[in-house]
Amino acid sequence: MTEKEKMLAGKLYMAFDSELVKERKNARRLIERYNQIGYDEINQKSSLISELVGKHGSHTTINPPFQCDYGYNITIGDNFFANYDCVFIDVNTITIGNNVMFGPKVCLYTAGHPIDAEVRNLDLEFGYPIKIGDNVWIGGNTVVNPGVSIGNNTVIGSGSVVTKDIPSNVIAVGNPCKVLRNITDSDKEYWSKLKDEYEKNKGKT
């Protein structure tokens, strides 16, 4: 297996392999250009995102500055919004569903390092995939660790460190992140009422 194949298979691999170094350099050149684009250069931003990430759906917004390692390991669904300073360490796959929102400084870390210092000092590392479902909102300054999956319709509170899988239809928060409660019909009723009030008053001065 090549070092890249080992990386994508979740095995120990050498990060300073020449092929991987070349691919990281290419991604960083694209990211540098992306982070310097003017606010109104929407078409140029979209073109660079398409060149950088493996796949993305319609209406992808990533506010610069943004950082990632490779880009091609990132798959994004429709209607994605990421606020400022997000970091995706994509040595393994990052899969993001539809209608997902990230607050500022959300960090997705697929990369890990050996606990044993002697092995770690050989510059060997590993990566496990991260998967985020549909209709997920992740609050600012949240870290998602390697191998974590987050279910559909879930909200992660700001400042969380997500070390284990989080199911669908819950609010979870904390370090380590834990389920606070389920999202219920009463939540839908409450927010639907506020939405109806907004629609009723829209346009009124």
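Read the figures in this text as sums done on the coordinates, not as results from a lab. Everything numeric here is computed off the predicted structure, so don't read it as measured data. Note that each Cβ is placed from the backbone with ideal geometry, even for glycine, and that neighbours are counted across all protein chains shown.
Of note:
- Förster radius 30 Å - calculated FRET efficiency between residue 198 and residue 35 (Cβ-Cβ, nearest 0.05): 0.30
- Counted charge near residue 71, where neighbours are those whose Cβ lies closer than 9 Å (Asp, Glu -1; Lys, Arg +1): -4
- Neighbours of residue 167 by Cβ distance under 13 Å: Lys/Arg scored +1, Asp/Glu scored -1, total +3.
- Averaging Cα coordinates gives a centre for region 171-205 and one for region 4-51; these two points are 36 Å apart.
- Extreme residue, positive dipole direction of the chain, given options 162, 172, 87 (C-beta unit charges): 172
- Secondary structure note: in the chain, about 20% of the DSSP beta bridges are antiparallel.
- The structure shown yields Rg and Dmax of the Cα atoms in Å, and of the options [x] 18.8, 67; [y] 22.3, 74; [z] 17.0, 51 that calculated value carries the label [x].
- Summing charges over all other residues whose Cβ lies under 12 Å from the Cβ of residue 96, with Lys and Arg as +1 and Asp and Glu as -1, gives -1.
- The helix-based estimate of mean residue ellipticity at 222 nm for the chain, built from -39,500 (n - 2.57) per DSSP H run of four or more residues and divided by its residue count, is -8500 deg cm²/dmol to the nearest 500.
- Residue pairs, from the table 6/105; 6/164; 22/178; 105/204, whose Cα atoms sit over 27 Å apart: 6/105; 22/178; 105/204
- Degrees, to the nearest 10: 185-201 long Cα axis against longest axis of the chain: 60 degrees
- Rounded to the nearest Hz, the phi-derived 3J(HN,Hα) couplings of region 108-118 under the Karplus curve 6.51 cos²θ - 1.76 cosθ + 1.60 (θ = phi - 60°) are 10, 10, 7, 7, x, 10, x, 5, 5, 5, 4, where x marks glycine and proline.
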